[in-house]
Amino acid sequence: MATPETTFDIRREDLSYKAIFAEPQFALLFAAARSFQFLHARLAPLGLRLADIKVEGTAANPGEFTIVCSLPLRNAALRIRLENIELTAVSPAPAGVLREVAATGIEAVREIAGSNFRRVAVHQVIWEAHGTLELPVLDFLKRYVPVSPWEGRATGGVSFSIGGDSAGRVAGHAVLAPSVLLEGGLYLQINANFDGALSVDSVREGFSSLVQEVGQRLGIAPKDGGF
């Protein structure tokens with residue numbers, strides 16, 4: 001396997017993980033209060049306080065009903081909806097912490113729904129990073145993106161399709177573009193869908209491997225995907 005040509009020095013990361021249920025979990029509407037104790041017991045060691053647990057929406061609007069757990073010490077938030085659970089994080093905390101939060105969200109829904117729990121249909125992960133390279137970003141992007149001689153900058157980004165694999169990855173893609181947050185920087189986005197039958201740990205391992213695989217193919221060395 002070829003040695004990466006340049007290191008991708010990441011300055012900003014954004015992570016979004018979503019577990020989409022096969023069917024809406026309507027039990028949440030009638031037993032949301034039961035989830036508070038479960039969530040607090042599991043997430044308090046990670047910095048969750050009672051004031052960090054909120055409910056948005058009402059049973060009158062089930063599509064908007066959301067239990068929100070904010071984790072300011074981790075720059076993360078967990079949102080539990082009838083159709084999915086979503087974890088978002090900025091400059092993600094250590095991977096073990098985020099795995100724990102994501103798994104807790106799914107377990108909270110399973111605890112409430114009991115025998116009515118419907119399986120996770122698909123896991124979705126989106127990782128975005130802004131950083132610098134050891135060579136000029138324009139020189140790097142010229143391999144994939146036309147550069148305007150008039151503007152002296154890359155005119156746009158490029159997207160690469162990512163196929164499935166035997167480990168449960170369904171499909172995905174990667175995007176390269178000039179960073180809009182970091183002058184002279186590179187923006188890299190990698191997203192992928194995984195089989196809903198996988199555990200959160202398996203998804204994390206699969207996504208981490210994907211980040212390394214994409215980096216090697218592009219000739220850059222990003223650090224672990226942060227999930």
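The values are calculated or read from the model by the stated rules, or taken from the named source; none is laboratory data. A quick note: this is a predicted structure, and the numbers were derived from the prediction, not measured. Using ideal geometry, Cβ is built from the backbone for each residue, glycine included, and neighbour counts are taken over all protein chains shown.
List pairs: first in the stretch 111-139 and closer than 16 Å to residue 187 by Cβ, second part of a helix (DSSP H, G or I), Cβ under 6 Å, 6+ apart or cross-chain?
133/140
For the stretch 27-42, does any single residue satisfy the condition of being free of Cβ contacts under 8 Å to residues at least 60 places away in the same chain, in contact with a Phe, Trp or Tyr (Cβ under 8 Å, 6 or more places away or on another chain), in a strand (DSSP E or B) and over 30 Å from residue 184 (Cα atoms)?
no
Mind checking which residues of the stretch 164-190 are in contact with a Phe, Trp or Tyr (Cβ under 7 Å, 6 or more places away or on another chain), more than 30 Å from residue 138 (Cα to Cα) and part of a loop (DSSP other than H, G, I, E, B)?
168, the sole residue that qualifies.
Does residue 31 meet the test of being over 20 Å from the mean Cα position of the chain (by Cα) and of a type outside the set (Phe, Trp, Tyr)? It would help to see each step written out before you state the result.
Numbers: over 20 Å from the mean Cα position of the chain (by Cα): yes; of a type outside the set (Phe, Trp, Tyr): yes.
Yes; evaluated as a whole, the condition is true for this residue.
Identify, please: which residue in the stretch 184-210 is farther than 14 Å from residue 103 by Cα and aliphatic (A, V, I, L, M) and is, among those, farthest from the chain's Cα centre (by Cα)?
In this case the residue turns out to be 186.
Of the conditions (1) under 16 Å from residue 111 (Cα atoms); (2) outside any helix (DSSP H, G or I), residue 48 fails just one. Which one is it?
With (1) under 16 Å from residue 111 (Cα atoms); (2) outside any helix (DSSP H, G or I) applied to residue 48, the lone miss is (1).
Look through the stretch 191-222, keep the residues that are within 16 Å of residue 11 (Cα to Cα) and part of a strand (DSSP E or B), and return whichever of them is modelled with the lowest pLDDT.
Selected residue: 221.
Restricting attention to the stretch 51-65, which residues are of a type outside the set (S, T, N, Q) and in a loop (DSSP other than H, G, I, E, B)? First the steps, then the outcome.
Of the stretch 51-65, the ones of a type outside the set (S, T, N, Q) are 51-57, 59-60, 62-65.
57, 59, 60, 65, listed by residue number.
May I ask you to say which residue of 105, 63 is more than 13 Å from the chain's Cα centre (by Cα) and surrounded by 23 or more Cβ atoms within 10 Å (Cβ to Cβ)?
On the way: 63 fails: surrounded by 23 or more Cβ atoms within 10 Å (Cβ to Cβ).
Step by step, each of 105, 63 is checked, and only 105 is more than 13 Å from the chain's Cα centre (by Cα) and surrounded by 23 or more Cβ atoms within 10 Å (Cβ to Cβ).
(1) out of contact with any Asp or Glu (no Cβ under 7 Å at 6 or more places or on another chain); (2) crowded, with 17+ Cβ neighbours inside 10 Å; (3) at pLDDT 85 or above; (4) not assigned by TED's automatic domain parsing to the domain that holds residue 190: which one isn't true of residue 51, the others all being true?
Here residue 51 meets the rest and fails (2).
For the list (1) at pLDDT 75 or above; (2) within 27 Å of residue 85 (Cβ to Cβ); (3) assigned to a loop (DSSP other than H, G, I, E, B), I need the number of the one condition that residue 134 fails.
(2)
Which one is surrounded by the most Cβ atoms within 10 Å (Cβ to Cβ), of the residues in the stretch 66-99 that are small (Gly, Ala, Ser) and part of a helix (DSSP H, G or I)? Before the answer, list the steps.
Restricting attention to the stretch 66-99, the residues satisfying the condition of being small (Gly, Ala, Ser) are 70, 76-77, 89, 91, 93, 95-96.
Going one step further and asking which of them are part of a helix (DSSP H, G or I), we end up with 95-96.
Working: 95: 17, 96: 10.
Residue satisfying both the conditions and the ranking: 95.
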